[in-house]
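Encoded as structure tokens, the structure appears first; notes follow it.
The values are calculated or read from the model by the stated rules, or taken from the named source; none is laboratory data. Keep in mind it's a predicted model, so treat the numbers as computed, not measured. In this analysis, Cβ positions are derived from the backbone assuming ideal geometry, glycine residues included, and neighbour counts consider all displayed protein chains. Surface accessibility is based on the protein's heavy atoms, side chains included, excluding ligands, DNA and RNA. Shrake-Rupley method; radii C 1.70, N 1.55, O 1.52, S 1.80 Å.
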Amino acid sequence: SKVIETGCIDCHKDIGSERQRKVGLHGIAFGNKPCAKCHIEHLGESVSLIRWPGTDPKRFDHTQTGWPLRGAHAATKCGECHDQRNTRGAPTYLGAERRCVSCHEDPHEKRFGERCNDCHNESTFKQTELKGFDHALSRYPLDGAHTRVECASCHGNPAKYKDLAFSDCSSCHKDPHAGEYKPACKTCHQTESWQSSVMPRRAHPGLSLAAGHQNTPCRSCHDKGLMAAPSAGATCVGCHKPVHEAPFGERCEQCHESVRWTGLAPSIGREVHGRTAFPLRGEHARTDCASCHRAELPRAARYRSLDHDKCADCHVDAHKGTLVEHGDCGGCHDPLGFAPSLVKPALHKSFGFALEGGHSAAACSACHKHPTSRRTDWHNTSEACQDCHTNPHGEQFAKEMLDGGCAHCHSAEGWGLPTIDHSTWPLTGSHANAACSGCHKPSEQDRRAGHGASYRGVPRDCDGCHDDVHAGQFRSSAPARACEFCHQPDQFALPVFDHSTLTGYVLEGKHATTECASCHGKVHLRNGDQATRYRLGYNQCADCHADPHTVPQAPQ
């Protein structure tokens, strides 16, 4: 019977796929031939479906698969490549891939793609053909003169492609500078040509080649050769004559950045101004440079010959020459600020008026007032107290005012600290610590007159200042007693009261230990106050005690 072709393909779908795609043995060598041409019907398990030439797979012509075995592949055993199984789990020669990476590990980690045969052949993997190799795909792209260098110059012979050092130029090239220059080679050189160096700004060792030096021929300085240091040295003064009289040193580049001779930044000028004859202090350090170094002045007069000995060389005299007899402004002002002035008590004394006590803390404008305007009048020559201070005493002390004025009683240390001779009524005890206003209080007449308290005619008796806490007991009954009979200025309360001497009534027996209040009780006065009754008006026992011997009378 006739073999139906589709029946074979229904089972052997992998072979059918190769024939349809025209790949492999069945797609190339037998694509148009029926299966029965080569294969007989199934005759049992002992009959193989595969017919090898001479019954030996090694005799199989692999070219028929479209993949000729050449080089090392020709000596490879079949099973090393054909170890696949089909969808039914049976061993098969079908499905083997032709990509190198399907069998071989990629040592380049996919950097060069999967076209291994662009560089390698099938005979020996290490034998490479790199004429068409794109070095840009590597970790070291070639540019400039590197593109014209033979591969063996870097990779050696035999070639070595792994573990090559290329992190910097010295990995391949010898340093002609013997480590003298620290910047990387590419700072000055480029790969196009080692000789055509380009020295960038600030890269030149020891001296910047910016601005003016940039246009100076190398040999103008390197008189012993480009690799040798200049005979003149590396400092500016080796070639240029110093022009400064101030001790600025030899490091001109500290100020003249980028070899810019004029028009320096203000910050540089302020930084080195302290080395000149006029250090900048206080407000001067914040003043615009052009305020002193004015553009309208000739260059010599603008800087080196600028007048600065006196403040008036730059500043307008705010006092219009009225204080020239006291010297330059520095006696009263300093650069920290024109105001406030620095006139201290010691200096003010030289003006004829010493600042003492409260005067040393007074604002200048408090005394130096202009009579007709708000301006300060520094020519105020008033020295008498009453020229500045109001007399609160009226005409009470007209005599004393003629004899030294206010200083007769007061001093500049403080108005509330008078130096009064109180000997006509000595201040003793608590009186010595009492405030003057405690006794010398303004009367109604004083208030109407518009001046302070009257100091003359003040009562000198105790009751002239102090209230009578005894409600007049010792004034209205005999014998009359003044306050000082019992009290002293040291303290009002009596530390010890001698009852026998002061009252004539001796305290004996139980009376000596009896509380004072038992006999001298409180009484209410008509005005609502209370007072202790000291004058009792009786001395007999019966005046205080009931007679215990009296026989009570029977009620009527």
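Key figures
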{"quantity": "Residue within segment 400-417 that is farther than 27 Å from Lys369 by Cβ, without any contact (Cβ under 8 Å) to a residue 24 or more places away in the chain and not charged (D, E, K, R) present", "calculated": "no"}
{"quantity": "Residues of segment 156-167 that turn out to be open to solvent by less than 100 Å² (accessible area, probe 1.4 Å) and out of contact with any Lys or Arg (no Cβ under 9 Å at 6 or more places or on another chain), as a count", "calculated": "3"}
{"quantity": "Residue match in segment 496-504 (condition: β-branched (Val, Ile, Thr), touching a residue at least 12 places away in the same chain (Cβ under 8 Å) and out of contact with any strand residue (DSSP E or B) (no Cβ under 6 Å at 6 or more places or on another chain))", "calculated": "no"}
{"quantity": "Yes/no for Tyr140 being of a type outside the set (S, T, N, Q), more than 21 Å from His189 (Cα to Cα), within 59 Å of the chain's Cα centre (by Cα) and open to solvent by 70 Å² or more (accessible area, probe 1.4 Å)", "calculated": "no"}
{"quantity": "Leading residue by the ranking (modelled with the highest pLDDT) among those in segment 45-59 that are in a loop (DSSP other than H, G, I, E, B) and either open to solvent by 50 Å² or more (accessible area, probe 1.4 Å) or touching a Ser or Thr at 6+ places or on another chain (Cβ under 8 Å) (or both)", "calculated": "Asp56"}
{"quantity": "Restricting segment 274-296 to residues that are of a type outside the set (Gly, Ala, Ser) and part of a helix (DSSP H, G or I), the residue that is nearest to the chain's Cα centre (by Cα)", "calculated": "Arg286"}
{"quantity": "Which numbered condition Ser382 fails, given (1) of a type in the set (Gly, Ala, Ser); (2) modelled with pLDDT of 85 or more; (3) within 52 Å of the chain's Cα centre (by Cα)", "calculated": "(2)"}
{"quantity": "Residue satisfying all of: in segment 496-512; among the aliphatic types (A, V, I, L, M) and assigned to a helix (DSSP H, G or I); surrounded by the fewest Cβ atoms within 10 Å (Cβ to Cβ) among these", "calculated": "Ala512"}
{"quantity": "Qualifying position, being modelled with pLDDT of 85 or more, open to solvent by less than 70 Å² (accessible area, probe 1.4 Å) and within 26 Å of Asn380 (Cα to Cα), among His333, His315, His273", "calculated": "His333"}
{"quantity": "Candidate set: segment 195-219, residues that are open to solvent by 80 Å² or more (accessible area, probe 1.4 Å) and either part of a helix (DSSP H, G or I) or at pLDDT 80 or above (or both); chosen: the one farthest from Glu253 (Cα to Cα)", "calculated": "Arg219"}
{"quantity": "Subset of segment 282-299 (residues that are under 28 Å from Val243 (Cβ atoms) and open to solvent by less than 70 Å² (accessible area, probe 1.4 Å))", "calculated": "His284, Ala285, Thr287, Cys289, Ala290, Ser291, Cys292, His293, Leu297"}
{"quantity": "Ser437, sole failed condition from (1) within 60 Å of the chain's Cα centre (by Cα); (2) free of Cβ contacts under 8 Å to residues at least 12 places away in the same chain; (3) surrounded by 10 or more Cβ atoms within 10 Å (Cβ to Cβ)", "calculated": "(2)"}
{"quantity": "Answer from Thr322, Thr372 - the residue that is open to solvent by less than 90 Å² (accessible area, probe 1.4 Å) and free of Cβ contacts under 8 Å to residues at least 60 places away in the same chain", "calculated": "Thr322"}
{"quantity": "Condition met for His451 (closer than 27 Å to Gly394 by Cβ, part of a loop (DSSP other than H, G, I, E, B) and open to solvent by less than 60 Å² (accessible area, probe 1.4 Å))", "calculated": "yes"}
{"quantity": "Test for His173: is it surrounded by 14 or more Cβ atoms within 10 Å (Cβ to Cβ) and either assigned to a loop (DSSP other than H, G, I, E, B) or out of contact with any Asp or Glu (no Cβ under 6 Å at 6 or more places or on another chain) (or both)", "calculated": "no"}
{"quantity": "Residues of segment 375-399 satisfying the condition of being surrounded by 14 or more Cβ atoms within 10 Å (Cβ to Cβ), within 30 Å of Leu342 (Cβ to Cβ) and in contact (Cβ under 8 Å) with a residue 24 or more places away in the chain", "calculated": "Trp378, Cys385"}
{"quantity": "Members of segment 62-98 found to be of a type in the set (A, V, I, L, M, F, W, C) and touching a residue at least 24 places away in the same chain (Cβ under 8 Å), listed by number", "calculated": "Trp67, Ala72, Leu94"}
{"quantity": "Given (1) out of contact with any Gly (no Cβ under 6 Å at 6 or more places or on another chain); (2) of a type outside the set (Ser, Thr, Tyr); (3) farther than 26 Å from Ile9 by Cβ, index of the condition Cys78 fails", "calculated": "(3)"}
